[in-house]
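The values are calculated or read from the model by the stated rules, or taken from the named source; none is laboratory data. Values in this document were obtained by computation on a predicted structure and should not be read as measured data. In this analysis, Cβ positions are derived from the backbone assuming ideal geometry, glycine residues included, and neighbour counts consider all displayed protein chains. Calculation scope for accessible area: heavy atoms of the full protein, side chains included, ligands and nucleic acids excluded. Shrake-Rupley method; radii C 1.70, N 1.55, O 1.52, S 1.80 Å.
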Amino acid sequence: MYSAVGFIVLCLFVLASSAIKIVQEYERGVIFRLGRLIGAKGPGLFLVYPFGIDRVVKIDLRVVTLDIPRQDCITRDNVTVGVNAVAYFQVVDPRRAVVAVSNYANATFQIAQTSLRSVIGQVELDELLSQRERVNQTLQHIIDAETEPWGVKVSIVEFKDVELPPQMQRAMARQAEAEREKRA
């Protein structure tokens, strides 16, 4: 008698634990029912069909900091520079972030790397150094346009460092010194 009641209580507990899902305030649960997209739920507690009928994919909606490692790029005036940057993005549509791309974070990283090299190749060294804000905005718009179909919004892209080759640094220092002597 007690074993039958215990078995029923255990079955109800397993059923309830597989049917109740909880997502945090900064997350959304994208629900698939037998492979078809149902929608996004959350935050909080919600119920799903148990035993593999519904599958829940949790998506983090917080801003993600993406470090773009040093890229050796050639500017439009054929100067090799090493550039690293940082991008900030977040998921604005969790359904598209799950359905449209396999791994939205990695895809955003790859787009950011290739776009960084492309944008650097379109500007001259003087532009890169003196108009950094404009180049940052151009890069941000390009990355954001590529990731928008995935439900990802790129809010900021900033160059962290621009490394010049040592011979270019020496040449620039000589030029600055010659201009100071000319003014003196």
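Out of region 49-64, which residues are open to solvent by 80 Å² or more (accessible area, probe 1.4 Å) and of a type outside the set (Phe, Trp, Tyr)? Correct list: 55, 58, 62, 63.
When residue 85 is tested against the conditions (1) within 17 Å of the chain's Cα centre (by Cα); (2) more than 17 Å from residue 136 (Cβ to Cβ), the lone failure is (2). Just to verify a result, which residue in region 71-96, among those that are touching a residue at least 60 places away in the same chain (Cβ under 8 Å) and not in a strand (DSSP E or B), is most open to solvent (accessible area, probe 1.4 Å)? Going through the qualifying residues, I end up with 95.
Could you tell me whether any residue of region 130-152 is on the phi > 0 side of the Ramachandran plot and either open to solvent by 20 Å² or more (accessible area, probe 1.4 Å) or out of contact with any Cys (no Cβ under 6 Å at 6 or more places or on another chain) (or both)? Looking for residues that are on the phi > 0 side of the Ramachandran plot and either open to solvent by 20 Å² or more (accessible area, probe 1.4 Å) or out of contact with any Cys (no Cβ under 6 Å at 6 or more places or on another chain) (or both), one finds at least one in region 130-152, hence yes. Please indicate, with yes or no, whether at least one residue in region 48-57 is part of a strand (DSSP E or B) and farther than 18 Å from residue 151 by Cβ. Yes.
Within region 16-39, the only residue that satisfies the criterion of being touching a Phe, Trp or Tyr at 6+ places or on another chain (Cβ under 9 Å), open to solvent by 80 Å² or more (accessible area, probe 1.4 Å) and more than 11 Å from residue 54 (Cα to Cα) is 22. Residues that are among the aliphatic types (A, V, I, L, M) and part of a helix (DSSP H, G or I) were ranked within region 99-116; the one that is most open to solvent (accessible area, probe 1.4 Å) is 99.
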